[in-house]
Amino acid sequence: MSEPKKLFIKTYGCQMNVYDSERMAEAMGAEGYVTTEVAEEADMVLLNTCHIREKAAEKVYSDLGRLRPLKQAKPDLKIGVAGCVAQAEGEEILKRMPLVDLVVGPQSYHRLPEMAKAAEKGEKRVDTDFPEEDKFDHLPDRPKAAVRPTAFLTVQEGCDKFCAFCVVPYTRGAEVSRPAERILKEARGLVEKGVREITLLGQNVNAYHGAGPDGDWTLARLVRELARVDGLDRIRYTTSHPNDMADDLIAAHGEEPKLMPYLHLPVQSGSDRILKAMARKHTAEQYLRLIEKIRAARPDMMMSGDFIVGFPGETDADFDATMDLIRAVNYGMAYSFKYSARPGTPAAEKTPVAADVADARLQTLQALITQQQREAQQGMVGREVSVLFEKPGRLKGQMVGKSDYLHAVHVDTDLPVGAIAHVRIVSSAPNSLAGEVVAA
Ligand code: 5AD
Ligand code: SF4
């Protein structure tokens with residue numbers, strides 16, 4: 001028997017790309033490919049790319065450049081570009097990087113095996129369709145899904161919001177929700193393989209409205225049904241838009257213990273003027289009131305967010321409003337970015353804020369976020385949380401897992417990967433907590 005072909009995948013960007021990479025690996029697995037962690041031994045290298053900011057997109061080209069010696073040493077090596085850079089740049093990638101054999105967008109990767117076969121025959125292919133057929137209907141079931149206690153599950157893709165800075169509506173396409181039954185089936189399959197925590201993914205996941213057996217289901221309904229799956233212990237979802245944070249979903253946070261008390265709810269800015277220019281369609285005050293409502297349903301909710309500094313037209317006063325909002329919310333975690341002009345988006349036409357000003361604001365904002373994050377972690381010391389162990393720690397006899405609040409927790413224990421324990425937090429390090437098992 002001949003050796004199986006080897007596939008190396010590098011994933012950039014968001015969690016949806018992580019999920020897509022797994023599905024692509026499974027699709028190629030059905031064609032006899034096994035995955036490898038070592039690019040040098042691969043027969044095919046696939047870069048699953050991100051286009052959200054300029055840096056992410058440029059990284060892809062520099063990584064492709066770095067593959068040149070490998071391709072020279074091994075002319076049969078096939079190189080593919082998948083994901084959002086593939087979608088945004090298509091043919092351009094072949095022109096700029098002739099070593100690339102195939103380019104496949106995020107909505108057509110069920111065609112990857114067929115494209116790989118063409119590549120083996122020396123044919124170059126570009127597929128950036130938004131096909132009529134649903135890729136999920138054409139991907140194999142998930143027999144080879146890796147056995148891990150946590151998994152991502154895409155339930156909704158694309159975005160119709162068109163925030164002025166964002167490429168997602170162009171690269172991922174219009175908002176589409178997967179049918180509820182398919183999601184439940186995929187979830188049950190994952191649970192049978194040992195998964196205990198599922199994170200539902202979507203660019204606007206809380207706008208989920210997939211077809212159910214009795215009409216469209218909301219995300220809250222989907223969560224409540226998933227909560228009935230025996231063996232599934234934790235449910236999370238990301239990313240949400242404030243305007244889609246429906247009352248039934250907020251209520252579910254108060255009523256459904258399997259729904260974890262951590263919510264990623266990006267606001268981007270605390271200035272109404274900038275929010276308007278960003279086309280976010282809500283004010284800072286509305287966001288703050290929404291968080292009050294969420295905390296009324298679930299008082300211990302750990303809030304997370306995304307911020308952009310240096311959006312065109314942002315003044316010192318606008319930035320101060322963002323800082324005020326951050327103080328008012330008190331985040332457990334947040335991601336912040338310097339505005340990056342993306343070709344084709346409305347904001348890209350406007351005059352950017354000076355780079356040194358944007359850099360300084362980013363530093364100031366990140367210092368505040370870091371302080372809030374440390375305080376949130378410090379506040380966990382002495383408390384009991386549940387921890388799902390995900391992997392052995394660096395020290396012998398140690399496991400690392402995530403708390404309900406998504407903090408990484410180190411624990412000395414004999415409990416295996418996949419166990420959930422009650423843990424008392426004893427100390428806080430910069431990026432993790434340490435705890436001891438109270439009860440398994
Ligand atoms: N520049 C900087 N940050 C951006 N994001 C999206 N588009 C841009 C851009 N053009 C950030 C937003 C979003 C997160 C995923 O990435 O904060 O919520
Ligand atoms: Fe981008 Fe806005 Fe859609 Fe989020 S809601 S994916 S930031 S356009």
Next item on the list: Give just the number: which of (1) modelled with pLDDT of 95 or more; (2) more than 30 Å from Arg196 (Cα to Cα) does Met303 not satisfy?
Entry: (2)
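Can you say whether Gly305 is open to solvent by less than 70 Å² (accessible area, probe 1.4 Å), within 23 Å of the chain's Cα centre (by Cα) and away from ligand 2 (no atom under 16 Å from the Cβ), as far as the supplied structure shows? Write out each step before concluding.
Working: open to solvent by less than 70 Å² (accessible area, probe 1.4 Å): yes; within 23 Å of the chain's Cα centre (by Cα): yes; away from ligand 2 (no atom under 16 Å from the Cβ): no.
When the stated conditions are applied, Gly305 does not pass them.
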Next item on the list: Those residues that are of a type in the set (D, E, K, R) and assigned to a loop (DSSP other than H, G, I, E, B), I need them from region 348-393; list them, please.
Entry: Lys350, Arg383
Check: Only one of Leu288, Leu249 is away from ligand 1 (no atom under 16 Å from the Cβ) and more than 21 Å from Leu184 (Cβ to Cβ); which?
Finding: Leu288
Checklist line | region 34-88, residues that are in a loop (DSSP other than H, G, I, E, B), of a type in the set (A, V, I, L, M, F, W, C) and open to solvent by 10 Å² or more (accessible area, probe 1.4 Å) | finding: Val38, Cys50, Ile52, Leu67
Notebook entry, point to check: Can you tell me which residue in region 109-126 is farthest from the chain's Cα centre (by Cα), limited to those that are in a loop (DSSP other than H, G, I, E, B) and among the charged types (D, E, K, R)?
Noted result: Lys121
Next item on the list: Any residue in region 278-305 that's farther than 17 Å from Met333 by Cβ: show its pairings with residues that are in a loop (DSSP other than H, G, I, E, B) and aliphatic (A, V, I, L, M) at Cβ separation under 7 Å, as long as the two are six or more apart or on different chains.
Entry: Met278/Ala164; Ala279/Ala164; Leu290/Met245
Notebook entry, point to check: In the list Ala220, Ala297, which residue meets the criterion of being crowded, with 20+ Cβ neighbours inside 10 Å, more than 16 Å from ligand 1 (Cβ to nearest atom), of a type in the set (Gly, Ala, Ser) and at pLDDT 95 or above?
Noted result: Ala220
Checklist line | Contacts under 6 angstrom Cβ, first residue in region 360-379 being closer than 22 Å to Tyr405 by Cβ, partner surrounded by fewer than 15 Cβ atoms within 10 Å (Cβ to Cβ) and acidic (Asp, Glu), 6 or more apart | finding: none
Notebook entry, point to check: Quick one: how many residues across region 373-402 are closer than 23 Å to Leu263 by Cβ, open to solvent by less than 20 Å² (accessible area, probe 1.4 Å) and in contact with a Leu (Cβ under 7 Å, 6 or more places away or on another chain)?
Noted result: 3
Note to self: Filter region 238-282 down to the residues that are open to solvent by 50 Å² or more (accessible area, probe 1.4 Å), within 16 Å of ligand 2 (Cβ to nearest atom) and outside any helix (DSSP H, G or I) and list them by number.
What the structure shows: Lys281
Item checked: Close pairs from region 167-187: first in contact (Cβ under 8 Å) with a residue 12 or more places away in the chain and among the polar types (S, T, N, Q), partner in a helix (DSSP H, G or I) and open to solvent by less than 40 Å² (accessible area, probe 1.4 Å), Cβ under 7 Å, at least 6 apart -> Thr171/Cys84; Thr171/Gln87
Margin query: Checking the condition more than 22 Å from Cys159 (Cα to Cα) and not small (Gly, Ala, Ser), which residue from Val205, Val229 passes?
Written below: Val229
Check: Out of all the residues in region 176-185, is one or more at negative phi, within 15 Å of ligand 2 (Cβ to nearest atom) and open to solvent by 50 Å² or more (accessible area, probe 1.4 Å)?
Finding: yes
Next item on the list: Hey, can you tell me all the residues within region 158-201 that are within 16 Å of ligand 1 (Cβ to nearest atom) and under 30 Å from Val417 (Cβ atoms)?
Entry: Thr199, Leu201
Notebook entry, point to check: Name the pairs: first residue in region 389-418 and within 17 Å of Arg234 (Cα to Cα) and at pLDDT 95 or above, second residue polar (S, T, N, Q) and open to solvent by 40 Å² or more (accessible area, probe 1.4 Å), Cβ to Cβ under 7 Å, at least 6 apart or on different chains?
Noted result: Ala408/Asn431
Margin query: I need a count of the residues in region 127-171 that are away from ligand 2 (no atom under 16 Å from the Cβ), assigned to a strand (DSSP E or B) and open to solvent by less than 50 Å² (accessible area, probe 1.4 Å).
Written below: 4
Note to self: I need every pair where a residue in region 337-355 that is among the charged types (D, E, K, R) has its Cβ under 7 Å from the Cβ of a residue that is part of a loop (DSSP other than H, G, I, E, B) and crowded, with 18+ Cβ neighbours inside 10 Å, sequence separation at least 6 or different chains.
What the structure shows: Lys338/Gly310; Arg342/Phe165; Arg342/Val167; Lys350/Pro312
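The values are calculated or read from the model by the stated rules, or taken from the named source; none is laboratory data. What you see is a predicted model; the values in this text were computed from it and never measured. Glycine gets a Cβ as well: all are built from the backbone with ideal geometry, and neighbour counts include every protein chain shown. Heavy atoms of the whole protein, side chains included, go into the accessibility calculation; ligands, DNA and RNA do not. Shrake-Rupley method; radii C 1.70, N 1.55, O 1.52, S 1.80 Å.
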